[in-house]
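> Take this structure, written in structure tokens, and hold onto it; I'll ask about it next.
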Amino acid sequence: MSQSHPCIGGIELNLQIIVSLLIVSLSFSGCLGTSNEELVCNDGEDTGDDCVLTIVTYDIIAITDDVLNEFTKQTGVQVEMIRTDDAGGILEHLLLTKDNPQADLALGLDNTYLQTAFQFDLLAEHGAQIPVLDSKATIPYNGNKAVPFDQGYICLNADTQALSENNISVPTTLEELTAPEWNGKTAFPSPVTSSPGRGFMVATIDYFEQQSSDTTAFDWWADMADNDAIFTTGWTEAYETHYTGGYGIWNEGHIGDAWLTVSYCHSPGVEALYGGNSTISAAVDIDFASFSQVEYAAPVNGGGSKNAVNAFIEFLLTDEVNTNMPENNLMYSVLEGKDLPETNGYRYHSPVPSQPSTIEMDRIGQEMDDWLKDWRDSTNSI
Amino acid sequence: MSLRSIRSVPILVYLGLMLIPIVLALQRLMDVTGKSPFAAIFSLPDHPLGTEALYFSFIQALLSAGLTLAIGLPIAWWLGRHQWKHLNFIRAALTLPFVTPTIVAAMGFLALFKTGGPIESIGIDLRFETGLIGWLSDATGIENSGHIIALLLAHAWFNLALVIRFVEPKIATIPPRFEESIRLLPIGKTRFSRARYFWWPMLRTSIGSAFLFAFIFSFTSFALVRWLAPDLWTLEALMAVEGGAAGIHNYRTEASLLVLGGATLQGIILLFALGLAGYWQQKQSISNDIVSESFARKTAGGASLFARIGVSFALLFALAPLGSMLLSSVRIRDRTNESYRWSTEAWDIALTGDLTYVSAADALANSIVYAIACMVVSVLLGYAVASSIHALESGGKKKTAIMVDLLSMLPLALSGVMVGLGVLLGVLKVWPELFQWYGLPIIPHAMLTTPFVIRILLPALRSLDSSYDETAAMLGHSQFQRFLKVRIPLMKSSLVVAATLSIAFSLGEFGASWILLRSGSWDTLPILVDQLMARPKYFELVEPVAMATASILMMVTFVLFIITERFREHQGGGF
Amino acid sequence: MTIEIQSLTLSYDANIIVQRCNLTLAEGEILVILGPSGCGKTTLLRAIAGFVKPDEGTIRLNGRNLNQIKPEDRNIGMLFQRPVLFPHKDVLGNILFAYQKKKDRDMEKVNEIMKDIGIYTMKNQSIETLSGGESQRVVLARALLTNPELLLLDEPLSSLDLSVRRQLASEIRTTLKSKNIAAIHVTHDHEEAAIIGDRIIEWNELHLLESVLIQANTDETTSG
């Protein structure tokens, strides 16, 4: 219902890494080492605007009490968090408080939401110094109203064990999923309330536009609904409650009636990372049926604390913080030349899709409303 | 005359506090949707889940209330008819679920049903479509019937106290001579005819009230539905999820429409149920003479073996979810070798906040500040309103008194999510700067608790013999002195119950806080539990940390509850 | 003249209880009003105490017009039919309710009155342990400690046993006389009335013989 994003909290091990790295970097430079040689908020002189930074975000797990304290220690800026339940919640918060912005920085809008935020003029330009970023991260948007801080591919995940037990092959097309053997065995987070769900829906549109047939994505979604596909509000319900291939089987409320769901292509890698290099879940690589998601930090139009906003963006993109995204936030880093670590088969179980969806962000922004309506009409779901 | 105008001040403040946010929110939603609240009700079916949510809310609430009675009535009967050694302990243990924060209840039931949990280990798995549950699902054609059973059980668990508190004292105080004389009449020859012609007429208003309140609480269930039956929707849960997009111009107006229609319809249904409950309770208060409990109990004698077994099961039922939750916080699954280990790591992480923006300790501090502030506001305001109503009643202004009394009950028909949305949209309209105020959650919490405080204090004021006040006046004490030296001490137990109830309610409040959280940083313990549970749980400690956080919340609530129980006079029913 | 009631009209729930009643009491006089229960005697006393607003007429106490004065400022004592003792205080605590402030307490006087009235030995008892007669004694002691200008006795003895009733009636008379406190005592018991009162009026006379009463009072006024 809420959490539609599969990023995970800093585990103790990783926290130790991040904290020790921060401590090392601090002992060398005494500060961030970028443009901010001095405290952004100096208690002695400046107790003004920049001393409190308000961030609207969803529950991004990399950002813990400790990480925030580290930021405060480096910059003197106190951070207040407004936590919505998902990326859509961030957009809705910004829309609702448009005339009286409450936050200074929006953290966690992705490339399916960003264009809508632009349309409503919700974001402002930043003045942060940005390091060289991975080229994939800058494809959807390369302006200065939003800065990527993590990325990942959204795609189908399948329970290989259940498939082999039932003599079903791993699907190579989306059309296969409308066959009777998949009846009731697929779970999809809703694009209305979940960002992985939204990314995947965009991918299905591209997928069917690439086919020669007349079938549209929404015909397929209607067929899936007829084939008793399970629709959930958030990623958590689809992956944890319904999907049989993930950690969900051990969790409360697990139903375990779906062999296939929408998650990240690197989710099996995360399963392996925590499961001792072993997982029965596999990413399904179908051309155009995966979506390259980039998450952004963006200054709020009408928000204050400009220097603190810039300092926080720079903090997120420091090597110390961003290189650890795969372990602390279960997403790829956006820095150039960083891949997933090989620990416990993390990288091995995380294939990079050969041909992700190619729909551009402008079009997503323009057509999203119609797509969502069509999706609701064809699935009769939330 | 001046006194009369002073009297109306608290009533106006109260109604203002309750109604202004709601009216402003309605106005905004009407503005966004271009529809009136009543027209919006008829748009509910346009939402893909609107009709389903309405039906499900209704049916599960009816079933939950029925199950509550089915479990609660035998227990109330056994407890009320017999002498029990540790009666106060049994009563307290059975009332405990009612003050348990719903998120804690949800965690408790999840822990009870999970893989490797107590229920699964005795061979019942409510989560999968296997065995008995599979058969049930096939037979009824309802998917995941195990989830529905879990939800109904959780609702019955939560509402059990209503039956115990409403019906048990009634059974315990009916004079034995009534029953004795009916036995001698032809009409009372058999157990069945005695039940039909004697017990049912005697108990029906109490049973009816317990049923209605169980219905109301189940109808507006949010945290329990959210976690125990994630595929199913009550109106409350649907409004909570869609509420994020409500009140925004030119953006997903269907969400605003759903919230407007859903809130109106839910308000009407709750008002109707409350009106009926109020009517029954009033009828009950014009009741026959009662005898002291111990007298009636002595006549009926000690408990039979059957009764003992039944009550023992009830106690197990009341305490099991909480026990398994505690267990889940220290029993940790090793992901690498699929075994379990005992550890307090989860408690360490919860208290230090290694996984979250705030630590459980900080969230607890927030929760306590809000709870105390909520208590102060709701007790002061509630007392002022109750004493104004009482003054109107004793001043011969009966009609005005009834009017104000009814108005004061209106906010009881507001659910947590409705209040949360009301404050969110209302504050946005009149005073957006309030979003930066640390104390904002006090407003919805006080909105939700003050009506209950009035319900507790008003009967206490009514039963307060006016001759105490008059005597103190004849002894020369001013009104203020009489308030301090006579009223407060005489109402101490009711005041303590009201205060503790508002603290406990505020500590456990989930719906309104969950909505409001979208506009400010107000992390409370229940929200922290929810935040942790909503996370991906690849990491094996996430869920035990949630359980540990819920356990902290449970313990704080219990300490309060024990305090209240010490002050509670056992009166004839009610909260 | 302790109390002077002129043309007093009282109603309760739209029923007129007393109409244009006149009544006076001499200094230290004990007046007994005799009448059946429910006739409105209590309402009259409550009007004098200040709990009931008169429809018309005035009540004066030692020359002060009481109409606009709150009950607590009238300096009148009152004993109810059922003794009112505060359950959260013991006997002494109840008696000390006669004082509004701690510093005003005169413990010597308290002890003396308690001894006079025969409740000194009970001073630390919880009020639940007291008998009906004992409770009324405590209430009387407490009322006397406030030095009232007038004591209103609303059938305080009616719930007691006959023997206790008589004894307490004569004790009350002795005590009031020794302190020269005027009192209006309301009862339906003729014998009790005879023991306690200086003057006895039937309730019906108060009603029907209005002119006579006025006459009588006028006589008294002229003679006094």
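> Report, by residue number, each residue of the range A:258-278 that is more than 7 Å from chain B (Cβ to nearest Cβ) and surrounded by fewer than 24 Cβ atoms within 10 Å (Cβ to Cβ).
Result: A:Ala272, A:Asn277, A:Ser278.
> Here is a follow-up. Would you mind listing the helices (runs of 4 or more DSSP H) fully within the range B:84-125 where at least 3 residues are surrounded by fewer than 21 Cβ atoms within 10 Å (Cβ to Cβ)? First the steps, then the outcome.
Values: elements: B:87-99, B:102-113, B:118-121.
Answer list for the range B:84-125: B:87-99, B:118-121.
> Tell me, which helices (runs of 4 or more DSSP H) wholly within the range B:465-517 include 2 or more residues that are touching a residue at least 24 places away in the same chain (Cβ under 8 Å)?
B:492-508, B:511-516
> Against the conditions (1) surrounded by 15 or more Cβ atoms within 10 Å (Cβ to Cβ); (2) of a type in the set (D, E, K, R); (3) more than 14 Å from every other protein chain (Cβ to nearest Cβ), where does C:Asp154 fall short? Just the number, please.
C:Asp154 satisfies every listed condition except (3).
> Could I ask something else about it? For the range B:388-441, what are the residues that are surrounded by fewer than 21 Cβ atoms within 10 Å (Cβ to Cβ), more than 14 Å from chain A (Cβ to nearest Cβ) and not in a helix (DSSP H, G or I)?
Across the range B:388-441, the qualifying residues are B:Gly395, B:Gly396, B:Lys397, B:Gly439.
> What tally of residues in the range B:279-314 results from selecting those that are surrounded by 15 or more Cβ atoms within 10 Å (Cβ to Cβ) and at pLDDT 75 or above?
6
> OK, next. Sort out which residues of the range A:61-96 are in contact with a strand residue (DSSP E or B) (Cβ under 6 Å, 6 or more places away or on another chain) and in a loop (DSSP other than H, G, I, E, B), and write them in order of number.
Passing the criteria: only A:Val77.
> Could you check the range B:155-200 and list, in sequence order, the residues that are exposed (fewer than 13 other Cβ atoms within 10 Å of the Cβ) and not in a helix (DSSP H, G or I)?
B:Leu185, B:Lys189, B:Thr190
> Take the range A:52-70 and flag every residue that is within 13 Å of A:Ala297 (Cβ to Cβ) and of a type in the set (A, V, I, L, M, F, W, C).
Correct list: A:Leu53, A:Ile55, A:Val56, A:Ile60, A:Ala62, A:Ile63.
> Being part of a helix (DSSP H, G or I) and under 19 Å from the mean Cα position of the chain (by Cα) narrows it down to one residue among A:Glu327, A:Glu314; which is it?
Answer to the check: A:Glu327.
> Tell me the residue from A:Ile18, A:Ile82 that is over 30 Å from A:Thr358 (Cα atoms), aliphatic (A, V, I, L, M) and at pLDDT 85 or above, please.
One residue alone meets the criteria, A:Ile82.
> From the list C:Ile95, C:Ile119, C:Ile113, which residue is over 29 Å from C:Leu61 (Cα atoms) and buried (at least 20 other Cβ atoms within 10 Å of the Cβ)?
Going through C:Ile95, C:Ile119, C:Ile113 in turn, just one is over 29 Å from C:Leu61 (Cα atoms) and buried (at least 20 other Cβ atoms within 10 Å of the Cβ): C:Ile119.
> Another question, if that's okay. Within the set of pairs 6 or more residues apart or between chains, which connect a residue that is closer than 18 Å to B:Ala223 by Cα and facing another protein chain (nearest Cβ under 10 Å) inside the range B:528-556 to a residue that is surrounded by fewer than 24 Cβ atoms within 10 Å (Cβ to Cβ) and at pLDDT below 85 with Cβ atoms less than 6 Å apart?
Qualifying pairs under 6 Å: none.
> Scanning for something modelled with pLDDT under 85, in the same structural domain as A:Gly303 (by TED's automatic domain parsing) and within 21 Å of B:Ile527 (Cα to Cα), does the range A:39-59 turn up at least one residue?
Yes, there is a match, as at least one residue in the range A:39-59 is modelled with pLDDT under 85, in the same structural domain as A:Gly303 (by TED's automatic domain parsing) and within 21 Å of B:Ile527 (Cα to Cα).
Okay, residues lined up against (1) facing another protein chain (nearest Cβ under 9 Å); (2) out of contact with any Asp or Glu (no Cβ under 7 Å at 6 or more places or on another chain):
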| residue | (1), (2) |
| --- | --- |
| A:Asn227 | no, yes |
| A:Thr233 | yes, yes |
| A:Glu240 | yes, yes |
| A:Trp250 | yes, yes |
| A:Glu295 | no, no |
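> Out of all the residues in the range C:125-151, which are surrounded by fewer than 21 Cβ atoms within 10 Å (Cβ to Cβ), outside any strand (DSSP E or B) and either under 14 Å from the mean Cα position of the chain (by Cα) or small (Gly, Ala, Ser) (or both)?
Passing the criteria: C:Ser131, C:Gly132, C:Gly133, C:Thr146, C:Asn147, C:Glu149.
> Spot the failing condition for B:Pro48; the list is (1) within 30 Å of B:Leu265 (Cβ to Cβ); (2) part of a helix (DSSP H, G or I); (3) not acidic (Asp, Glu), and only one is missed.
All conditions are met except number (2).
> In addition: Considering A:Thr216, A:Thr193, which residue is modelled with pLDDT under 95 and over 30 Å from A:Ile60 (Cβ atoms)?
Answer to the selection: A:Thr216.
> Name the residues in the range B:234-278 that are within 23 Å of the chain's Cα centre (by Cα), among the β-branched types (Val, Ile, Thr) and assigned to a helix (DSSP H, G or I), would you?
Within the range B:234-278, B:Val241, B:Val259, B:Thr264, B:Ile268, B:Ile269 meet the criteria.
> Residues of the range B:311-362 being at the interface with chain A (Cβ under 10 Å from one of its Cβ atoms) and among the charged types (D, E, K, R), which ones?
B:Arg333, B:Asp334, B:Arg335, B:Glu338, B:Glu345, B:Asp348, B:Asp354, B:Asp362
> On to the next question. Can you tell me which residue is nearest to the other protein chains (Cβ to nearest Cβ) among those in the range C:37-63 that are free of Cβ contacts under 8 Å to residues at least 24 places away in the same chain and exposed (fewer than 14 other Cβ atoms within 10 Å of the Cβ)?
C:Lys53
> Show the residue pairs that are 6+ apart or on different chains and have beta-carbon atoms under 7 Å apart, the first residue being within the range A:363-381 and within 16 Å of A:Pro140 (Cα to Cα), the second being assigned to a helix (DSSP H, G or I).
Once the first residue is within 16 Å of A:Pro140 (Cα to Cα) and sits in the range A:363-381, its partners that are assigned to a helix (DSSP H, G or I) give A:Ile364/A:Gln115; A:Ile364/A:Val202; A:Gly365/A:Gln115; A:Gly365/A:Thr116; A:Gly365/A:Phe118; A:Gly365/A:Gln119; A:Met368/A:Thr116.
> Go through (1) within 23 Å of the chain's Cα centre (by Cα); (2) of a type in the set (Gly, Ala, Ser); (3) within 13 Å of A:Ser381 (Cα to Cα) and name the single condition A:Ala225 misses.
Here A:Ala225 clears every test but (1).
> Right, next: For the range A:69-99, which residues satisfy the criterion of being without any contact (Cβ under 8 Å) to a residue 12 or more places away in the chain and either touching an Asp or Glu at 6+ places or on another chain (Cβ under 6 Å) or within 11 Å of another protein chain (Cβ to nearest Cβ) (or both)?
A:Asn69, A:Glu92, A:Leu96, A:Thr97, A:Asp99
> Continuing with this model, one more query. Of the conditions (1) under 25 Å from B:Ala237 (Cβ atoms); (2) in a helix (DSSP H, G or I); (3) away from chain A (no Cβ under 14 Å), B:Ala25 fails just one. Which one is it?
(3)
> Does A:Leu174 fit the bill of being buried (at least 18 other Cβ atoms within 10 Å of the Cβ) and not assigned by TED's automatic domain parsing to the domain that holds A:Tyr247? Before the answer, list the steps.
Details: buried (at least 18 other Cβ atoms within 10 Å of the Cβ): yes; not assigned by TED's automatic domain parsing to the domain that holds A:Tyr247: no.
Considered against the rule, which asks whether it is buried (at least 18 other Cβ atoms within 10 Å of the Cβ) and not assigned by TED's automatic domain parsing to the domain that holds A:Tyr247, A:Leu174 comes out as no.
> Look at the range B:453-502 and say how many of its residues are facing chain C (nearest Cβ under 7 Å) and either within 33 Å of the chain's Cα centre (by Cα) or basic (Lys, Arg) (or both).
Residues in the range B:453-502 being facing chain C (nearest Cβ under 7 Å) and either within 33 Å of the chain's Cα centre (by Cα) or basic (Lys, Arg) (or both): 3 in total.
The values are calculated or read from the model by the stated rules, or taken from the named source; none is laboratory data. What you are looking at is a predicted structure, and each value in this text was computed from that prediction instead of being measured. Please note: Cβ atoms are built from the backbone with ideal geometry, for glycine as well, and neighbour counts cover all protein chains shown.
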